[in-house]
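The values are calculated or read from the model by the stated rules, or taken from the named source; none is laboratory data. Everything numeric in this text was worked out from a predicted model, so none of it was measured. Counting neighbours? That spans all protein chains shown, and the Cβs are built from the backbone with ideal geometry, glycine included. Surface accessibility is based on the protein's heavy atoms, side chains included, excluding ligands, DNA and RNA. Shrake-Rupley method; radii C 1.70, N 1.55, O 1.52, S 1.80 Å.
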Amino acid sequence: MILWRLHGCCARLLTTTCFGTAASNTSFPTAWKPLAQHFDRLSGLCIEVQRNSSFRMPETVENKSNPELYSPNPDVRGMTILDRAAFKKTITVPVLKVKKEIINRLLKSLKHMVLQQAGLKRVIDDPEDEHHKLVLLDPHKMSSEGSLGEADRKILKQFDIIPELSKHDVEFTYDCFKAEEIFQAVLPEGQDVTSGFSRVGHIAHLNLRDHQLPYKHLIGQVIIDKNPGITSVVNKINTIDNTYRNFQMEILAGETNMMTKVKENSIQYEFDFSKVYWNPRLSTEHSRIVDLLKPEDVLFDVFAGVGPFAILAARKKCRVFANDLNPESYKWLQHNCKLNKVDRTIQVFNMDGRDFLRGPVKEQLTEELSLSTKEKKNSLHIVMNLPALAIEFLDVFKHLLDGEPCSSNLLPTVHCYSFSKHDNPAKDIQDKAEAFLGTSLEGRCSIRLVRNVAPSKEMLCISFQVPADVLYKRQCPTEVSPEEPASKRLRPNGDSSEEKSIS
């Protein structure tokens, strides 16, 4: 139990950053990597330097007595409408006068002392001497007397530089601050400013907390300003609709266009984000399931959405039957099949999940399972990714098929997703699955933690072969494989450290 919760904690640390993007395998960069590139382009636009005085300094230790030195102007606290000019702030920093021809070599030796602030040049022109440059130094690396250390003085001596520093006023503007620094300065002190957002093409999708809502439009605009490529920010204002798996959203800043393009696992998808379900945090799970498949295997995707499981499997030369009840998802599923040139290997349906299982899935299972063990070389997989409801659909498998029970080696494997707020989520999901199937899955299933959705709410996947005595109306005779004992054959896969056995 402790290990399960510890894993959940680690998952939260790995998937959420302060106003940063969830880790995924999409082609889109994380929120902070392009930030540095953005600031490099802005470099030098936000400083104004004036020379004031000179003084000599004898000794250096790191001094962080003023942690607010690089923070935005404190007057922005409580701001709800973004006023970029209000972030302007002037601080005094030490600078070193250096000949132009030795700047690059000196910077390599003194990089630990140089001011590293986004949006600011480390080296500026000396307004009084065209043959020299001024190197901005970090006041935090100086002693309370503002001195250079003995080691730094030796470095300067090697370059024949007199250790004489000057004071300069440096103006910090809105462009100099990171999004996190702006949020910390604006939101009330003592309140959590962290909030993850998902990047879906040009759209940043947030789930703001109640105390952040008065600042929602400011937050949206800052995210656009600080993340190149993001042109629209939306906030979810209700839970996902259980019927069509979409949700109402409010546009906080930027354009209203919700038509977007994403790339996941080297596959392109296009859709209207306001009308379908898409979660970039599930990229790893999509590839994990498809990695279990071999070419010519059959995949039934009961709640396919716009196709992240189905198209990836079709690319692997599997036969795919994909369904979604939402007409918009069905439309974009067809579109993405054509876009990725797999429309001839995927059969697409627009049906209720139960009707899909009782119709096309039953028909295909009957055909596949009628083949003898020698004739059949492929395996069957059924993906049910509707965590709020999918587990309730498991009762459809009870006596779904007629005819003689098949060999247990041929039975379809179900991968069913569910949410749990239980103290023991693995036991919770197994108990629910067993209740709907009407049989025990003990020793015959594996349960994997997919991700932490919210505090005390987990998303899990339970995988199992549908027992023959559940799937068929007639009872299945006891079978024992000649290659291995039944107990071993029924043992769940123990390769994953995230399976139920850790709970």
13 Å beta-carbon shell around V470, net charge (K/R +1, D/E -1) | +1
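Pairs K121/K216; K263/K338; K99/K178; K89/K157: which are spaced more than 24 Å apart, C-alpha to C-alpha?
On the way: K121/K216 32 Å; K263/K338 15 Å; K99/K178 32 Å; K89/K157 34 Å.
Violating the 24 Å limit, Cα to Cα: K121/K216; K99/K178; K89/K157.
Please report, as a whole percent, how much of the solvent-accessible surface of segment 275-471 comes from carbon and sulfur atoms (probe radius 1.4 Å). Could you put the intermediate results ahead of the total?
Details: 3780 of 7750 Å².
Using a 1.4 Å probe with all protein chains present, segment 275-471 comes out at 49 percent carbon and sulfur.
When the chain is fully extended, how far beyond the present Cα-Cα distance does H335 get from D169, taking 0.36 nm per residue of separation? Kindly include the intermediate steps, with their values, before the conclusion.
Values: separation 166, 0.36 × 166 = 59.76 nm, distance 5.76 nm.
So the extension gain works out to 54.0 nm.
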Cα extents of segment 275-471 along the three principal axes, largest first, in whole Å?
-> 45, 43, 27
Can you figure out the FRET efficiency of S370 with E270, using R₀ = 35 Å and their beta-carbon distance, to the nearest 0.05?
-> 0.35
Which order do peptides 258-266, 165-173 fall in by mean Cβ count within 10 Å, highest first?
-> 165-173, 258-266
Compute the separation of the alpha-carbon centres of segment 285-319 and segment 410-464 and state it in Å as a whole number.
-> 20 Å
Could you work out the local net charge near V290, counting Lys and Arg as +1, Asp and Glu as -1, over the other residues with Cβ closer than 9 Å to its Cβ?
-> +2
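Cβ neighbours within 10 Å, averaged per peptide: list 294-305, 462-473 in order, most packed at the top. Mind dumping the intermediate values first?
Details: 294-305: 21.7, 462-473: 20.2.
So the peptides 294-305, 462-473, ranked by packing, come out 294-305, 462-473.
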So what J values fall out for segment 338-350 if you push phi through Karplus, 6.51 cos²θ - 1.76 cosθ + 1.60 with θ = phi - 60°, rounded to Hz, Gly and Pro as x?
-> 5, 4, 9, 6, 10, 5, 8, 10, 10, 9, 10, 10, 10
Using a basic spin-label model with each label point 7 Å from the Cα along Cα→Cβ, how many nm lie between D125 and L213?
-> 5.3 nm
Of the options M384, F356, N336, report the single residue whose Cα projects farthest towards the positive end of the charge dipole of segment 320-384 (beta-carbon charges: Lys, Arg +1; Asp, Glu -1).
-> N336
